[in-house]
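Working notes, structure below.
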Amino acid sequence: MAITNSLITTGAAANVYVSSGNSAITAIYLCNIDSTARTFDLYAAPSGTIVTPVSTRIYSAVNVQAGDTYVIDNEKLILSSGDMLKANTSGTNSFSVTVSYIGI
């Protein structure tokens, strides 16, 4: 198992994980590191797809209190090479994201 970490910002959805081969996402941890409650959106997009809220958003405006972590570990995502997870938030540099994955 491996992990990757990133910091998400406001505005356009930014990469939090890009698969370099076939991989299974085992968990995603989104920690609100800001001093106030913030929301995030999470997107899953196949390689070469333009990320749009209509076609790729899997979590929308999830509210997380300051200092809390939102854990996504009930569903597993299987990604091919180039597939990606992206996220954005309502606050500047307010979420630390950790993605746990296994190459398959």
Inset, instruction - Quick one: which residues, 5 or more positions from ALA37 or on another chain, have an amide H under 5 Å from its amide H? H modelled 1.01 Å from N in the peptide plane, none for Pro or chain starts. - result: ALA66
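To the nearest 20 debye, what charge dipole does the stretch 2-103 have about its Cα centre, counting +1 at the Cβ of each Lys and Arg and -1 at the Cβ of each Asp and Glu? Let's see the in-between values first.
Values: 4 positive and 6 negative charges, 28 e Å.
Charge dipole, the stretch 2-103, about its Cα centre: 140 debye, nearest 20.
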Legend entry - For the chain, alpha-carbon Rg and Dmax in angstrom: 12.9, 38
Legend entry - Distribution of pairwise C-alpha distances over the stretch 40-96, 10 Å bins, in %: 20, 50, 28, 3
Legend entry - ILE78-THR4 pseudo-label distance in nm [points 7 Å out on the Cα-to-Cβ vector]: 2.0 nm
Inset, instruction - Could you calculate the contour length gain from ASN63 to ALA37, that is, 0.36 nm times the residue separation minus the distance between their Cα atoms, to one decimal place in nm? - result: 8.7 nm
Legend entry - Separation of alpha-carbon centers, the stretch 23-37 and the stretch 48-83, rounded to whole Å: 10 Å
Legend entry - trypsin sites (Lys or Arg not before Pro) restricted to DSSP loop in the stretch 45-104 with at most 12 other C-beta within 10 Å: LYS76
Legend entry - Calculated from backbone phi, Karplus (6.51, -1.76, 1.60) coupling profile of the stretch 64-74 in Hz, x at Gly/Pro: 10, 5, 3, x, 8, 10, 9, 10, 10, 9, 7
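What does the net charge come to around VAL18 if you take all other residues with beta carbon closer than 12 Å to its beta carbon, with K and R at +1 and D and E at -1?
On the way: positive: LYS86; negative: ASP83.
Overall, the nearby charge balance is 0.
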Inset, instruction - For THR49 and VAL71, compute 0.36 nm times the residue count separating them, minus their Cα-Cα distance, and round to one decimal in nm. - result: 5.4 nm
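Every number in this text was worked out from the coordinates using simple rules, so none of it is lab data. Note that the structure is a prediction, hence the values are computed from the model and not measured. Virtual Cβ from ideal backbone geometry, glycine too; neighbours counted across all protein chains shown.
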